[in-house]
1. Out of the range B:29-85, which chymotrypsin sites (Phe, Trp or Tyr not before Pro) are coil in DSSP terms and have no more than 16 other C-beta atoms within 10 Å?
2. Would you work out which of B:296, B:181, A:32 lies farthest towards the positive end of the dipole of the protein assembly as shown? Charges go on Cβ: Lys and Arg +1, Asp and Glu -1.
3. Between residue B:93 and residue B:232, what is the spin-label point distance in nm, taking each point 7 Å from the Cα along the Cα→C-beta axis?
4. Only loop residues by DSSP count here, and only those with at most 14 other Cβ atoms within 10 Å; note down the GluC sites (Glu not before Pro) in the range B:167-243 that meet that.
5. Considering only lysines 8 or more places apart in sequence, or on different chains, count the pairs in the protein assembly as shown whose C-alpha atoms sit under 17 Å apart.
6. Would you mind calculating the relative contact order of chain B from Cα pairs under 8 angstrom and at least 6 residues apart, reporting the percent as a whole number?
7. Efficiency by 1/(1 + (r/R0)^6): what FRET value for residue B:225 and residue B:200, r their Cβ-Cβ distance, R0 = 41 Å, to the nearest 0.05?
8. Counting only trypsin sites (Lys or Arg not before Pro) that are in a DSSP loop and have at most 11 other C-beta atoms within 10 Å, tell me the longest site-free stretch of chain B.
Amino acid sequence: MSHQALPPPLDDGAPEAPLTRRTALWLTSRLAMLAGLVGGYGLFAWVGGRFMLPAHTGRLHQLFVTLVSDVPDGGTLLYRTPDGRTVNVTRRGQTGAATDFIALSSTCPHLGCQVRWEGQNDRYFCPCHNGTFNTEGIATGGPPGDAGQALPRYGLVVDKGLLYIMVPAEQLSMGDVAGVVEVTSPVGPGHDPCLTCVQARTPGPGSWGRPA
Amino acid sequence: MSDVRGWIGERVPVSIEGIAAMSNEPVPYHLKRWWFALGGTPAYLFVVQIVTGVLLAFYYQPSPATAYESVRYITEEASFGWYLRGLHRWGATLMIAAVVLHQMRVFFTGAYRKPRELNWMIGMTLLTCTLMLGFTGYSLVFEQLSYWGATVAANISDTVPVAGPLMKQVLLGGETYNDRTLSRFFILHGAVLPVLLILVLMMHIGLVRLLGVTEMTFEGEDPAAKKQFNFFPEHFYTELIIGLTLMLLLSALATLVPAEMGPRADPQITPEVIKPEWYFYVAFRWLKLFSGTTAMLSQGFIVFVMFFWPFIDAWLVRRFKYADISVWIGVVGALTIMGFTMWEALVAH
């Protein structure tokens, strides 16, 4: 670092000074220093900001749900992921393959309320803003329908008669216990939180259920 | 522009010129030598530790059930988590090294002598805080070293006569390591010790400002040469360059020698070979050479001597009429510390 006196800054009112080699070097070194500071600490600020955002590794983990034979055709179970999200897993076939099942999040993509299955209308219904979804989870009405949204769908795998669900790796770090929360009679493809009403409903074909 | 200045000046009646004059301390010319900029280095690294530590705290969960997994998440899954954890880990190592080098420079140049005795003692408090930050920091990972390090440290505290058992209970939050221990370390590491360090650091810098930096002359210097220069901008630029160099060094270390994770803490199994971080090697070796209470009391005595060294040195100089006696004692002390550190580093047990 030079310890000699620095050239005086250019004054707007003064006659323009010729650009000497020394002035140019002085200016260049300071600009380089400034660029280094802004670039270096700016990059660090970006790294810190990126760290704050949730990581999306894209990796999926396979978690056991239940025995395939425990879910009859038309039956639904409510599964809780390790981070506490709930998923309706419904059986719609009898081949014993993963394609028999559909796993749809029970969280409305509009503002996060829990949807419920309406057997009489053959649809999922969100009580918060009247959003409706068909059996595939595609929004058919209400704000989610207007926005073209759908209930998030989870992958399923069947291996040696066991049903597994695929959940994002980041959901595993929450530490909560995952597993089946509730099962309902096969009144439709979705879980109805009104479990006490099960008895009053018209049972569908292949009626099943676990003892309470 | 002057309107804006006037508007702000009316509402915040602070004299910019006064602040500039107060901060623009004339500093002795020997600070042009890089070796004398070591005091600013740990201060800069402390800022790095605060920034990276705050970021890491967004993900860290201080309980035995979640701590290890949250550190694994930071290291392996969070974006740039490996880099920020690496910066924090290497920042701690370099900060302790810089504090020790700064202290050695102050010691061997006699800069602690009258009227700067109290600032030496404040500096010793800063060193103690830094070491405690290091210890509580690696205890948070909840790997084997964290668990057994904390257990050993608590039992060392227990050997201190009278206050020992209480110290152990305060440290662990119980008789043994338990569910509440990690949250204690976390609060100590992330709140109590940093705040204490900031307060003591303000006193340290305040005294440096009030007493001025010790002026030194070196052989071959022109006696007519300028004796002082302004802190701003010249010394400030030096500190900026040191800061950028440290960031480059830290980034290189975090990338080439990344912070890894040892095996998860297991209260049932003490590893065959277990060592603390390098800065505790001296104390660790000492504990192997002497019985618990003897080792603790002798270490306490050494720390006491180091704290009150300026007064002990003044007495020795008066007694033996030899001004450089501290240099020879310092050489012996430094060689002993280095020897013990090397000894511990080179052997398994």
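Values in this text are rule-based calculations from the coordinates and carry no lab data. Being a predicted model, the structure only gives us computed values, none of them experimental. Note: ideal-geometry Cβ built from the backbone for every residue, glycine included; neighbour counts use all protein chains shown.
1. Passing both the DSSP loop test and the Cβ count: B:58.
2. B:296
3. 3.6
4. Listed in order of number, the matching sites are B:175, B:215, B:219, B:221.
5. Working: B:32/B:226; B:32/B:227; B:114/B:321; B:275/B:288.
Lysine pairs, 8 or more places apart or on different chains, close enough: 4.
6. Normalised by residue count, the contact order of chain B is 26 percent.
7. The value I calculate is 0.70.
8. Answer from the scan: B:34-225.
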